[in-house]
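Structure first, commentary second.
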Amino acid sequence: MEARFLLYVEKTETCWLWTGAKTKGYGMISINNIPHGSHRVAYEMWVNPIPDGLFIRHKCRNKNCVNPEHLETGTQAENMADMVHRDNTSAKGEKHGLSKLTAEQVRDIRSRTRQTQANLAREFGVSKATISQITLHKTWSHIE
């Protein structure tokens, strides 16, 4: 298994980058026709079995890395906190696949307090509800 796994690894000075199949940026490898996260397989192969209910966290902040020295176990809450704090994996704002607006447009919308939400919605091609959520900082809250 180790030899087959390493066929899909490109070792750099720091990270071991997965070159095989990926789903949402995470490496995937099939074992007995069942897909597994390559980072989870690496951890179990070179570190320890993963306790039930725990996730594998990337200390290097690269979700494509399978270097066992860069991997550690953690809870779902810790894993989600990593995603939010690292910001490279959090699909918010322009990174979200369904986003119609840019950060600059959001700043523009928030600066135009004298225009109606209906006018702004027409201009930017979004709903009045979207404009309302933006101006109330309920969405795009990471943008000042």
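For residue 62, the conditions (1) touching a Cys at 6+ places or on another chain (Cβ under 9 Å); (2) at pLDDT 90 or above all hold with the exception of (2).
Annotation: residue 92 fulfils all but one of (1) modelled with pLDDT of 80 or more; (2) more than 19 Å from residue 9 (Cα to Cα); (3) surrounded by 14 or more Cβ atoms within 10 Å (Cβ to Cβ); the unmet one is (1).
The residues of region 1-35 that are surrounded by 15 or more Cβ atoms within 10 Å (Cβ to Cβ), free of Cβ contacts under 8 Å to residues at least 40 places away in the same chain and within 17 Å of the chain's Cα centre (by Cα), listed by number, are 26, 27, 28.
Within region 52-78, the residues that satisfy the criterion of being surrounded by 14 or more Cβ atoms within 10 Å (Cβ to Cβ) and closer than 19 Å to residue 23 by Cβ are 55, 56, 57, 58, 61, 62, 63, 64, 65, 66, 71.
Across region 36-51, the number of residues qualifying as out of contact with any Pro (no Cβ under 8 Å at 6 or more places or on another chain) and surrounded by 12 or more Cβ atoms within 10 Å (Cβ to Cβ) comes to 8. Among the residues of region 100-138, those that are crowded, with 17+ Cβ neighbours inside 10 Å and not in a helix (DSSP H, G or I) comprise 101, 126.
When you check residue 29 against the structure, is it among the aliphatic types (A, V, I, L, M), in a strand (DSSP E or B), modelled with pLDDT of 95 or more and touching a strand residue (DSSP E or B) at 6+ places or on another chain (Cβ under 7 Å), yes or no? Give the steps one after another, and end with the answer.
Details: among the aliphatic types (A, V, I, L, M): yes; in a strand (DSSP E or B): yes; modelled with pLDDT of 95 or more: yes; touching a strand residue (DSSP E or B) at 6+ places or on another chain (Cβ under 7 Å): yes.
Criteria met by residue 29.
The values are calculated or read from the model by the stated rules, or taken from the named source; none is laboratory data. Every value quoted in this text rests on a predicted model; they were computed, and no experiment measured them. Cβ: placed from backbone, ideal geometry, glycine included. Neighbour counts: every protein chain shown.
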